[in-house]
Amino acid sequence: MASIRELHQQLINNERSAVEITQAALDRIQALEPKLHSFLQVTADQALQQAQQVDAKRAAGEDVGLLAGIPIAIKDNICTRGVRTTCASRILENFVPPYEATVTQKLIDAGAVMVGKTNLDEFAMGGSTETSAFQLTANPWDTSRVPGGSSGGSAAAVAAGECPIAIGSDTGGSIRQPASFCGIVGMKPTYGLVSRYGLVAFASSLDQIGPFARSVEDAAILLGAIAGHDPMDSTSLKVEIPDYTQFLIPDLKGKKVGVIQETFGEGLDPDVEKSVRQAIQQLEDLGAEIHDISCPRFRYGIAAYYIIAPSEASANLARYDGVKYGIRTEDAENLMEMYTRTRAQGFGSEVKRRIMIGTYALSAGYYDAYYLQAQKVRTLIKQDFEQAFNQVDVLVSPTAPTPAFKAGDKSADPLSMYLVDLMTIPVNLAGLPGMSIPCGFSETGLPIGLQLIGNVLREDQVFQAAYAYEQATDWHTRSPQLDTGNEPPKQQKKAGKQRG
């Protein structure tokens, strides 16, 4: 799959039209979807119409930007006007938003071509894309394995070359972890850098939208297009957005890189440790000073997260009650029964589990013991990061403790699934920018990711370190071979009556 700049060059040199570029992506999606199931909906007609508009501008002599005519996939928890947005949940199975998310509007304005909406864990709650109500997405490197989650559809689509770039959301690692599992670049920006308006809320103080790409440069271009202040989002930061591509310098002389010691040790796959250690050595060879850094409260991140995130989810998901939109059970005898039956039918087991945890944590008599305590731990984790960034420019760790696991391996054990986000969750709790880049492969040929973490609004430092490493290695140039002959995952049946 060509890069954004390569595709743009083909377009302005009249080697290919936007329609031809888009049709090539749609053809690949059609060929691979029976095996991968990355997309919940392919928007072919709309995509070709958007591409025709780009070609018309070119024919009229207008200049077009880097993203004009570039195929992109959007995670299906981001609202797209006139296009179904389901959050991979039966409760929103036929919901069509009447408005456009700020991020997707920015992409439309930039001329990007949306080829479809990608699969995810239901309401972004999961680490494998297995909690989707509609289908299982396969990992392109081994279709018996998961692509990670919750943005597994977007990651798989980019890794398989169904589209060059995609958009995901990251609440506790939902961009970085699937990027690691699928061998691509995935970034969670500083909290508030990208508008959340139109992102269906999971945990409002943690959610952030970000880019997937095959290269650090493509991620920088895409982030630059979607970042910026938005008056529709009260958490949006009023900061100037630089051209992130200016920080892509293949040199780390004078840069200080901190290795988070708490991310190594028990539970870390040996192949992951070996690849990450070699990546750290490569950073040193590029001129970086390597420092061992301790973030002692890092390990409490999961415990704090699984109180804070479900608490916010229980409040955010209270709106799905069968009254205004989504499914409504038809056989209820009274209002309360309608509420309970609708939610019982509409939500999957993982979403119900998290709503119950959150409701309990916020209930009278338990709020101080759980939610308040978790917020105090969150502050301590943030302080650990602040102290670390007094000493170094960028922090590194493995992105995930293991490579991609087989579908079904962790389904019966929610706790082992939660531990997959061990390395990524603290970054969300502190609101910091984090990126996963490919740094090797396991002995079984599965991708491994290196996580780079920056201080608040220091995306520039992350991009520089990531780009320098990427240019010195060839991991990002490798693509999965998709003619493996593995059986595609079985699709689950759709269900549920709909209400307008």
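Looking only at the stretch 301-324, decide whether some residue is surrounded by fewer than 18 Cβ atoms within 10 Å (Cβ to Cβ) and either of a type in the set (Ser, Thr, Tyr) or in contact with a Cys (Cβ under 7 Å, 6 or more places away or on another chain) (or both). No - not one qualifying residue is present in the stretch 301-324. Here residue 287 clears all of (1) at positive phi; (2) in contact (Cβ under 8 Å) with a residue 40 or more places away in the chain except the condition numbered (2). State all residues of the stretch 283-298 that are over 16 Å from residue 422 (Cα atoms) and surrounded by fewer than 17 Cβ atoms within 10 Å (Cβ to Cβ); if no residue qualifies, say none. Within the stretch 283-298, 284, 285, 287, 289, 290, 291, 292 meet the criteria. Across the stretch 25-42, what is the total count of residues that are closer than 13 Å to residue 163 by Cα, buried (at least 16 other Cβ atoms within 10 Å of the Cβ) and touching a strand residue (DSSP E or B) at 6+ places or on another chain (Cβ under 9 Å)? Counting residues in the stretch 25-42 that are closer than 13 Å to residue 163 by Cα, buried (at least 16 other Cβ atoms within 10 Å of the Cβ) and touching a strand residue (DSSP E or B) at 6+ places or on another chain (Cβ under 9 Å) gives 7. Of all the listed residues (218, 230), the sole one being out of contact with any Pro (no Cβ under 6 Å at 6 or more places or on another chain), crowded, with 19+ Cβ neighbours inside 10 Å and under 29 Å from residue 313 (Cα atoms) is 230. Residue pairs whose Cβ atoms lie under 6 Å apart, separated by 6 or more positions or on different chains, with the first residue in the stretch 3-29 and within 17 Å of residue 115 (Cβ to Cβ) and the second assigned to a loop (DSSP other than H, G, I, E, B) and β-branched (Val, Ile, Thr), are 4/70; 7/70. For the stretch 471-482, what are the residues that are over 25 Å from residue 36 (Cβ atoms) and in contact with a strand residue (DSSP E or B) (Cβ under 8 Å, 6 or more places away or on another chain)? Matches in the stretch 471-482: 473 only.
Being surrounded by fewer than 12 Cβ atoms within 10 Å (Cβ to Cβ) and within 16 Å of residue 318 (Cβ to Cβ) is the filter here, so list the residues in the stretch 330-373 that pass it. The answer is 335, 336, 344.
For residue 416, indicate whether it is over 26 Å from residue 262 (Cβ atoms) and either among the β-branched types (Val, Ile, Thr) or modelled with pLDDT under 90 (or both).
no
Go through (1) of a type in the set (A, V, I, L, M); (2) at pLDDT 95 or above; (3) within 30 Å of residue 122 (Cα to Cα) and name the single condition residue 1 misses. The number of the failed condition is (2). Contact annotation: residue pairs with Cβ atoms under 8 Å, 6 or more positions apart or on different chains, pairing a residue in the stretch 95-106 that is over 19 Å from residue 320 (Cα atoms) and in contact (Cβ under 8 Å) with a residue 40 or more places away in the chain with a partner that is among the aliphatic types (A, V, I, L, M) and part of a loop (DSSP other than H, G, I, E, B), are 102/232. Residues of the stretch 151-172 that are small (Gly, Ala, Ser) and outside any strand (DSSP E or B): 151, 152, 153, 154, 155, 156, 157, 159, 160, 161, 172.
In this structure, residue 243 does not satisfy being touching a Gly at 6+ places or on another chain (Cβ under 8 Å) and at pLDDT below 95. Residue 147 meets the stated requirement of being surrounded by 24 or more Cβ atoms within 10 Å (Cβ to Cβ) and under 13 Å from the mean Cα position of the chain (by Cα).
For the stretch 79-117, a residue qualifies if it is part of a loop (DSSP other than H, G, I, E, B), among the hydrophobic types (A, V, I, L, M, F, W, C) and touching a Phe, Trp or Tyr at 6+ places or on another chain (Cβ under 7 Å), and the qualifying residues are 79, 87, 88, 95, 101. From the list 198, 127, 192, the lone residue that is over 21 Å from residue 436 (Cβ atoms), within 16 Å of the chain's Cα centre (by Cα) and modelled with pLDDT of 95 or more is 198. If the condition is being buried (at least 24 other Cβ atoms within 10 Å of the Cβ), closer than 27 Å to residue 348 by Cα and among the small types (Gly, Ala, Ser), then the stretch 393-413 contributes 400, 404. The residue that is farthest from the chain's Cα centre (by Cα), among those in the stretch 51-78 that are surrounded by 23 or more Cβ atoms within 10 Å (Cβ to Cβ) and assigned to a helix (DSSP H, G or I), is 54.
The values are calculated or read from the model by the stated rules, or taken from the named source; none is laboratory data. Just so it is clear, the structure is predicted and the values come from calculations on it, not from any experiment. Please note: Cβ atoms are built from the backbone with ideal geometry, for glycine as well, and neighbour counts cover all protein chains shown.
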